[in-house]
2 protein chains.
Amino acid sequence: MPSRTFIPVPHTQVKIDDSFWSPRLKVNREQTIPHNYEQCKETGRIDAFKLEWKEGMEPVPHIFWDSDVGKWLEAASHSLAAHPDPALDSLLDNFVASVAKAQQPDGYLNSHFAVVEPEKRWRNLRDAHELYCAGHLIEAAVAHYQATGKRTLLDVMQRYADYIDFVFGPKPGQVRGYCGHEEIELALVKLYRVTGEKRYLRLSGYFVNERGREPNYFALEAEARGEDPTRFPYEYNQSHKPVREQTEVTGHAVRAMYLYSAMADLAGELNDESLFAACKTLWRHLITKRLYLTGGLGSSWRNEGFTRDYDLPNETAYAETCAGIGLVFWAHRLSQLECDSEYADVMERALYNNVLSSVSLGGRTFFYDNPLAATTHERQAWFSCACCPPNLARLLASFGGCVYAQSETDVVVHLYVGSHAQLSVGGQRVGVVQETAYPWQGAVTIRIESESPIRFGLRLRIPGWCRGAAVKINDTDSKGLAEKGYVRLEREWRNGDAVSLDLPMPVERVYAHPNVRADAGRAGLQRGPLVYCLEACDHVAPVNHLALPADAPLTCRFDPELLGGVMVISAEALRVDEAEWGKDLYRPHPARTTSAALRAIPYCLWGNREVGEMAVWLRSG
Amino acid sequence: MPSRTFIPVPHTQVKIDDSFWSPRLKVNREQTIPHNYEQCKETGRIDAFKLEWKEGMEPVPHIFWDSDVGKWLEAASHSLAAHPDPALDSLLDNFVASVAKAQQPDGYLNSHFAVVEPEKRWRNLRDAHELYCAGHLIEAAVAHYQATGKRTLLDVMQRYADYIDFVFGPKPGQVRGYCGHEEIELALVKLYRVTGEKRYLRLSGYFVNERGREPNYFALEAEARGEDPTRFPYEYNQSHKPVREQTEVTGHAVRAMYLYSAMADLAGELNDESLFAACKTLWRHLITKRLYLTGGLGSSWRNEGFTRDYDLPNETAYAETCAGIGLVFWAHRLSQLECDSEYADVMERALYNNVLSSVSLGGRTFFYDNPLAATTHERQAWFSCACCPPNLARLLASFGGCVYAQSETDVVVHLYVGSHAQLSVGGQRVGVVQETAYPWQGAVTIRIESESPIRFGLRLRIPGWCRGAAVKINDTDSKGLAEKGYVRLEREWRNGDAVSLDLPMPVERVYAHPNVRADAGRAGLQRGPLVYCLEACDHVAPVNHLALPADAPLTCRFDPELLGGVMVISAEALRVDEAEWGKDLYRPHPARTTSAALRAIPYCLWGNREVGEMAVWLRSG
């Protein structure tokens, strides 16, 4: 029976101190979070809660806006929890007060529907994002309460959740609907955990279980609006069949990830085997058929989502930032039910590649979509549909929570990040200190701090990309017990005990399944968790003119001056002799090639110098 | 000074009799044209001219509809000209009478605006397609008149053209606008040629010359509608700058082709050097940077048009049927000004590949877009925006007009098609008989029929794909005079004189410019004018699993049973061993390969058996 056994160590108990994440988290705190606020303020999202909008005024509060603000609020709260900041604290207090004032007498809260279309409240659950917005504000309230101990926003959102619980459900007189954009389901689980109120868990379960049942609620609703209910593809929002009958990841990728995350949460809270089984089936489908090498997902911008198996085009990949973040959420939740490394492997892949690529080193420009090949793609300061920048901010602000987990008997290290975690094992304070230059080097030292000896199992993930990992305890080789991709070392740990983990990290070529049309005849470069790419500014010839011979040696070297310090991969490649080719668009003999230096940088760092061609998958010469 | 020197021999004087085109033209006449009528009738397009639509009725006559009907009318007229058919003649008469009745007292004629939005007449030239629809009805009127000698529709359309001439122009009180979808410009030239009325030529010239001048008419118009004029990309409809300043093919591909066709027409009629120079610059840009191997054009469905240089994705190629047809029109018009084989080369490439692929062998299903790689693409019986099927029908019904041309001194053979052309050279009747199994074989015999000896130059195109062409006159080797890709044979021709042309037609690999990212490391297969492709139903392994080694011999064999008789290309290729690969989506070592038979068929015939994977560009193994 599934249960939430491996509980994450909260980010507030994990102090990250390394050369890779620390600067990024600092930029997130000092640049990205304030930038998100500035943008929300400038675009009217903050002031929309004043409910002063009148017909004819511009801008019109948009149905998405509350979610953007909710995610910023959550990010700022996470940040505040770890880094006290009175100015930010007071900014949050003031804004929370304005949110509280915007709440309607019955508990309803939405800056668009309160003033722009009050008559349309709950009339279009499929498209109007009301419960989605509520979900993000609930997540914000939980984070704000956890960070500050203040119940100001939590009380507001509990009232709203209670009102939602009154309106929606299977009882006579209740609306038997659910949201077109999943989010409230996982938010209600968080609200349950922080309040202990089971009704929120029940409501979340209702939303998840009702989804996709016949008659389809969205079809009934569309009919009530006078629309043709058959014209909507219900796969788009995962309401085409009951969730336990869904076997393929489908539709809008962000929505899918949020739904599956809630399913994992509920499976754990309610020990629901069939829900966990559905999660695992969907997971298997995703990771064997529809996931980009970068951990990105969603192949098409048309539905911002999934298309067909193995359809993973590079230049037109959508691979939305929010979908990658959603995958981190889902993988992280699954790892709480089952300590199997494939969850953290995918979480790591998404984090280090798809997710990190979405933000510039400066922290103030963002990718919405994260293609694996590009010509003119460029990060933007903001988007009219601005889901990604604050989503990234809240993930990074709570990133420390992804690193460790613990069960009653075990401490788990999912990710290798220089850090110091404070745990309580069997009521006893234990410190876990990681020292590592990961992801640049595969050597990790984990030191235990404990006032007195204490017995527990230490589970260390052996990444799926790694072959030949070696473990030592206090300089003595140790095999440990291999269990679902983790090495488990159980013993009585004493203060100062040190475990060294050596994860060999050669540069490797990686190949895609032959059914992936876009990658046929191509290889990617990977080193450790990092996927690499070629950028135009590192090459004289266009990136597309280069091919990497199958037997060309690959070397790597750390360049401390480049992009904040980065391991660069080099090889002797072939390049097309464009001058010899001339101007013909087509001709009956192939281009001549000559040798050329190839230089690859981590995908997550591309686009930080010049706008230009980029490619992850290289032709094999 | 450009002038219209090489005038096409009208299709009515060219009787096609071969094994390739004859069956296709018969299907066009017996299936496609009637099918177009049935669809126009069923969908309300025919009856829309009754102007009986009232508020609330479905369907609402659409702004495009008149153009669909116009193209069907034109196709049916061309067909009637060559194949008398009293039933069709009378169907046309009846419909023409209904069109005539729909004409407004002032001459205006449009089945949408007359009843649906009468107050919006000429209010949105950018999007509303009014002049575009007028153009297609004018082309239909010219064809109907030429086919039947009846002025019924011609008179109606002259009245409409006169009204348009009254409304639009540079004079005070006139609307200084032009259509967002070019078409009327080339139609007015046709109307001028058939009526001799110079005002139509002047009006066409006005529309072309006014286009893109500042202040931009569409911007003024958008402002008048209360819209932000800066939000429209004027490249989309080629109004971003005056046509003589345009150097890159841009925007919606069909619109571009129709504009450039009119520019070529006007350059010839008005001996306008700068207009011809602009055409040639745009032509050079198209054929060296933005043309698919199949003669398709337009890389993206977003704008149904051009994107960036060398951006020629295969699976997402738009390559709209109408754009390929538009390219045939443009190339054909340019060949009238300058007998340079590159025009007929491109015309041939577009005709034999992009255009012919758009229709099934049965003649009743169609591709709108013609990608060069596909997985689930399937021809449809009709489209809500149904521009392509009747456009194809009218091109095929008048296809004979593309084969020959003549100047005062010369007879030109642009295309090799078994046929019999009736010409008048210096007032004397001359017959030109072509015998050939082209495109399957490169041997062509051209026999002259003439009652008495007559001197003229016979220009035979040496296709750009051909190396080592040989010419004989009456079995004696002859060099002729090579001139811009044609061999010119001038002599006193006697009845029965025979010219044999041998065009060696080996199977060849063809490669794309190194800047074409989508085709890097890939080769296409071509034989004569035909581009080949692989289809799933000819292979056990998925098409994408196949790679063609650079040195694999290519053989071909005519299969009389397949697809109406077709030359099939075979080779020993490599295929991925999928079983060995297993289920991993990514892994660090490449797939194993094994040998497999590869079989390619002409691209124009794909999709006639099963829906499945197709690819033009094959990986070089």
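The values are calculated or read from the model by the stated rules, or taken from the named source; none is laboratory data. From a predicted model like this one, the values you see are computed outputs, not experimental measurements. FYI the Cβ positions are ideal-geometry reconstructions off the backbone, even for glycines, and counts take in every protein chain you see.
Quick check on the stretch A:70-93. Is at least one of its residues at positive phi and either in the same structural domain as A:Gly135 (by TED's automatic domain parsing) or in contact with a Pro (Cβ under 9 Å, 6 or more places away or on another chain) (or both)? No, every residue in the stretch A:70-93 fails to be at positive phi and either in the same structural domain as A:Gly135 (by TED's automatic domain parsing) or in contact with a Pro (Cβ under 9 Å, 6 or more places away or on another chain) (or both). Return the residues of the stretch B:612-621 that are within 25 Å of the chain's Cα centre (by Cα) and assigned to a loop (DSSP other than H, G, I, E, B); say none if nothing qualifies. Once the filter is applied, which keeps residues that are within 25 Å of the chain's Cα centre (by Cα) and assigned to a loop (DSSP other than H, G, I, E, B), the stretch B:612-621 yields B:Val616, B:Trp617. Taken as a whole, the stretch B:433-444 holds no residue that is among the aromatic types (Phe, Trp, Tyr) and not assigned by TED's automatic domain parsing to the domain that holds B:Val413. Screening A:Pro463, A:Pro514 for residues that are under 29 Å from the mean Cα position of the chain (by Cα) and under 26 Å from A:Tyr416 (Cα atoms) leaves exactly one candidate, A:Pro463.
In this structure, A:Ala498 does not qualify as of a type in the set (A, V, I, L, M) and assigned by TED's automatic domain parsing to the domain that holds A:Asp551. Just a yes or no: is a residue in the stretch B:319-332 within 14 Å of chain A (Cβ to nearest Cβ) and polar (S, T, N, Q)? No, because not a single residue in the stretch B:319-332 is within 14 Å of chain A (Cβ to nearest Cβ) and polar (S, T, N, Q).
Here A:Glu580 clears all of (1) in a helix (DSSP H, G or I); (2) more than 25 Å from A:Gly521 (Cα to Cα); (3) charged (D, E, K, R) except the condition numbered (2). In the stretch A:493-542, the residue that is farthest from the other protein chains (Cβ to nearest Cβ) out of those that are of a type in the set (Gly, Ala, Ser) and in contact with a Leu (Cβ under 8 Å, 6 or more places away or on another chain) is A:Gly528. Apart from one condition, B:Ala541 fits all of (1) of a type in the set (A, V, I, L, M, F, W, C); (2) in contact with a Gly (Cβ under 6 Å, 6 or more places away or on another chain); (3) modelled with pLDDT under 95; the exception is (2).
Let's see how each residue does on (1) touching a helix residue (DSSP H, G or I) at 6+ places or on another chain (Cβ under 7 Å); (2) surrounded by 24 or more Cβ atoms within 10 Å (Cβ to Cβ); (3) among the small types (Gly, Ala, Ser):
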| residue | (1), (2), (3) |
| --- | --- |
| A:Tyr234 | yes, no, no |
| A:Pro242 | no, no, no |
| A:Glu248 | yes, no, no |
| A:Glu269 | yes, no, no |
| A:Glu273 | no, no, no |
| A:Cys279 | yes, yes, no |
| A:Leu286 | no, no, no |
| A:Thr294 | yes, yes, no |
| A:Ser300 | no, no, yes |
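When B:Ala128, B:Ala114, B:Ala97, B:Ala87 are screened for being over 27 Å from the mean Cα position of the chain (by Cα) and part of a loop (DSSP other than H, G, I, E, B), only B:Ala114 passes.
So is A:Ala323 of a type in the set (Gly, Ala, Ser), surrounded by 21 or more Cβ atoms within 10 Å (Cβ to Cβ), in contact with a strand residue (DSSP E or B) (Cβ under 9 Å, 6 or more places away or on another chain) and in a loop (DSSP other than H, G, I, E, B) or not?
no
Listed by first and then second residue, the pairs linking a residue in the stretch A:1-28 that is small (Gly, Ala, Ser) to a residue that is part of a helix (DSSP H, G or I), with Cβ atoms under 8 Å apart and 6 or more places separating them unless they lie on different chains, are A:Ser3/A:Gly268; A:Ser3/A:Leu337. In the stretch A:583-606, the condition of being surrounded by 18 or more Cβ atoms within 10 Å (Cβ to Cβ), in contact (Cβ under 8 Å) with a residue 40 or more places away in the chain and assigned to a loop (DSSP other than H, G, I, E, B) is met by at least one residue. Only a single item in (1) in the same structural domain as B:Leu574 (by TED's automatic domain parsing); (2) surrounded by fewer than 19 Cβ atoms within 10 Å (Cβ to Cβ) is not met by B:Ala482, and it is number (1).
Specify which of the listed residues (A:Ser407, A:Ser384) is surrounded by fewer than 24 Cβ atoms within 10 Å (Cβ to Cβ) and closer than 26 Å to A:Phe64 by Cβ.
After applying the criteria, what remains is A:Ser384.
The sole residue among B:Thr230, B:Thr307, B:Thr288 that is in a helix (DSSP H, G or I), within 14 Å of chain A (Cβ to nearest Cβ), over 30 Å from B:Leu191 (Cα atoms) and out of contact with any Phe, Trp or Tyr (no Cβ under 7 Å at 6 or more places or on another chain) is B:Thr288. Annotation: A:Phe399 fulfils all but one of (1) touching a Cys at 6+ places or on another chain (Cβ under 7 Å); (2) touching a residue at least 60 places away in the same chain (Cβ under 8 Å); (3) of a type outside the set (Val, Ile, Thr); the unmet one is (1). Across the stretch B:245-275, the number of residues qualifying as in contact (Cβ under 8 Å) with a residue 60 or more places away in the chain, more than 16 Å from B:Leu201 (Cα to Cα) and in a helix (DSSP H, G or I) comes to 6. Restricting to the stretch B:160-180, name every residue that is more than 28 Å from the chain's Cα centre (by Cα), over 19 Å from B:Leu137 (Cα atoms) and either surrounded by 21 or more Cβ atoms within 10 Å (Cβ to Cβ) or in contact (Cβ under 8 Å) with a residue 12 or more places away in the chain (or both). Within the stretch B:160-180, B:Gly169, B:Pro170, B:Val175, B:Arg176 qualify. Looking at B:Glu183, B:Glu197, just one residue is over 19 Å from B:Gln104 (Cβ atoms) and under 27 Å from the mean Cα position of the chain (by Cα), and that residue is B:Glu183. Candidates are the residues of the stretch B:550-587 that are charged (D, E, K, R) and closer than 16 Å to B:Arg619 by Cα; the one that is farthest from the other protein chains (Cβ to nearest Cβ) is B:Glu572. Which one is nearest to A:Glu269 (Cα to Cα) among residues in the stretch A:322-357 that are of a type in the set (S, T, N, Q) and in contact with a Cys (Cβ under 6 Å, 6 or more places away or on another chain)? Looking at the filtered set, the residue picked out is A:Asn353.
Going by what's in this entry, would A:Leu80 be described as touching an Asp or Glu at 6+ places or on another chain (Cβ under 8 Å), buried (at least 22 other Cβ atoms within 10 Å of the Cβ) and either outside any helix (DSSP H, G or I) or aliphatic (A, V, I, L, M) (or both)? Considered against the rule, which asks whether it is touching an Asp or Glu at 6+ places or on another chain (Cβ under 8 Å), buried (at least 22 other Cβ atoms within 10 Å of the Cβ) and either outside any helix (DSSP H, G or I) or aliphatic (A, V, I, L, M) (or both), A:Leu80 comes out as yes.
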